[in-house]
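The values are calculated or read from the model by the stated rules, or taken from the named source; none is laboratory data. All of these numbers come straight from a predicted model, not from anything done at the bench. Cβ: placed from backbone, ideal geometry, glycine included. Neighbour counts: every protein chain shown.
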Amino acid sequence: MTTSPRLIIVGRDGILNVYREDHVKEPHEWRPIPGALEAVARLNQHGWHVVVATNQSGIGRGLFDMASLNAVHAQMMKLLAAQGGRIDAVFFCPHAPEESCDCRKPLPGMMLDIAKRYGVDLRQTPMVGDTLRDLQAAQAAGCEPHLVMSGRAASLDEAQLQAIVEQVPAARIHADLAAFADDLLRRENPNALDSGHGGLG
């Protein structure tokens, strides 16, 4: 009998909050995607722990500092708590792409650190992102890969989406985090949901 938590790894920008090309630099710029915080709360209520793994190259590029990032995440936690949800931890890569670290997605470093911290089997750990890079990181780490269309993937056409799926064949596609949560909870227990939130399955 394992005592490891049931864990879901999610990206931040485009999954929990609205993606900004110019980075989320201040707490007021962190705007939740409709239904995302409620989705985390529902997953928590069904026994899932949620951890964020996010590339934050704005630090390495000098666009914002650690104090600003911490303030953004404090705002995120406050808004989430108001919905009855929680995120157990935020893992982030602060490096710019050219720094050649091992934690920046699509490399699996953050996921391996999460597995070590929580003692989880990544093969039993869903990972939710909004880019091919996220899916590649999930695949490299051995996680179950999920793509949501609420962030950068929203601009993909059918051919581009198909090209991504061909590179990560195990990927499941969802409209947003709420649809992912519905799908996961439905797979666990077909009677767990009173009503669906829609989505691409």
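Brief remarks follow.
- Only a single criterion out of (1) modelled with pLDDT under 95; (2) closer than 27 Å to GLN45 by Cα; (3) outside any loop (DSSP other than H, G, I, E, B); (4) among the aliphatic types (A, V, I, L, M) is not satisfied by LEU200, namely (3).
- Residue in region 131-138 that is in contact with a helix residue (DSSP H, G or I) (Cβ under 9 Å, 6 or more places away or on another chain) and part of a loop (DSSP other than H, G, I, E, B) present: yes
- Residue in region 164-197 that is farthest from the chain's Cα centre (by Cα), counting only those that are at pLDDT 95 or above and among the small types (Gly, Ala, Ser): ALA170
- Beta carbons closer than 9 Å, at least 6 apart along the sequence or on distinct chains, pair a first residue in region 109-121 that is free of Cβ contacts under 8 Å to residues at least 40 places away in the same chain with a second that is aromatic (Phe, Trp, Tyr) and not in a helix (DSSP H, G or I) for ASP113/PHE91; ARG117/PHE91.
- For the residues LEU69, LEU16, LEU80, LEU7, the requirement of being over 20 Å from ARG133 (Cα atoms), touching a residue at least 60 places away in the same chain (Cβ under 8 Å) and crowded, with 18+ Cβ neighbours inside 10 Å singles out LEU7.
Here's the yes/no breakdown for (1) crowded, with 21+ Cβ neighbours inside 10 Å; (2) in contact (Cβ under 8 Å) with a residue 40 or more places away in the chain; (3) within 26 Å of GLY142 (Cβ to Cβ):
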position: GLU29; (1), (2), (3): no, yes, no
position: TRP48; (1), (2), (3): no, yes, yes
position: GLY60; (1), (2), (3): no, no, no
position: GLY84; (1), (2), (3): no, yes, no
position: ALA89; (1), (2), (3): no, no, yes
position: ARG104; (1), (2), (3): yes, yes, yes
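- Contacts under 8 angstrom Cβ, first residue in region 165-180 being in contact (Cβ under 8 Å) with a residue 60 or more places away in the chain, partner surrounded by 23 or more Cβ atoms within 10 Å (Cβ to Cβ) and part of a loop (DSSP other than H, G, I, E, B), 6 or more apart: ASP176/SER150; LEU177/ILE15; LEU177/LEU16; LEU177/SER150
- Selection status of ARG133, touching a Phe, Trp or Tyr at 6+ places or on another chain (Cβ under 7 Å), among the charged types (D, E, K, R), closer than 18 Å to THR54 by Cα and at pLDDT 95 or above: no
- Taken over region 166-186, residues that are surrounded by fewer than 17 Cβ atoms within 10 Å (Cβ to Cβ) and assigned to a helix (DSSP H, G or I) amount to 3.
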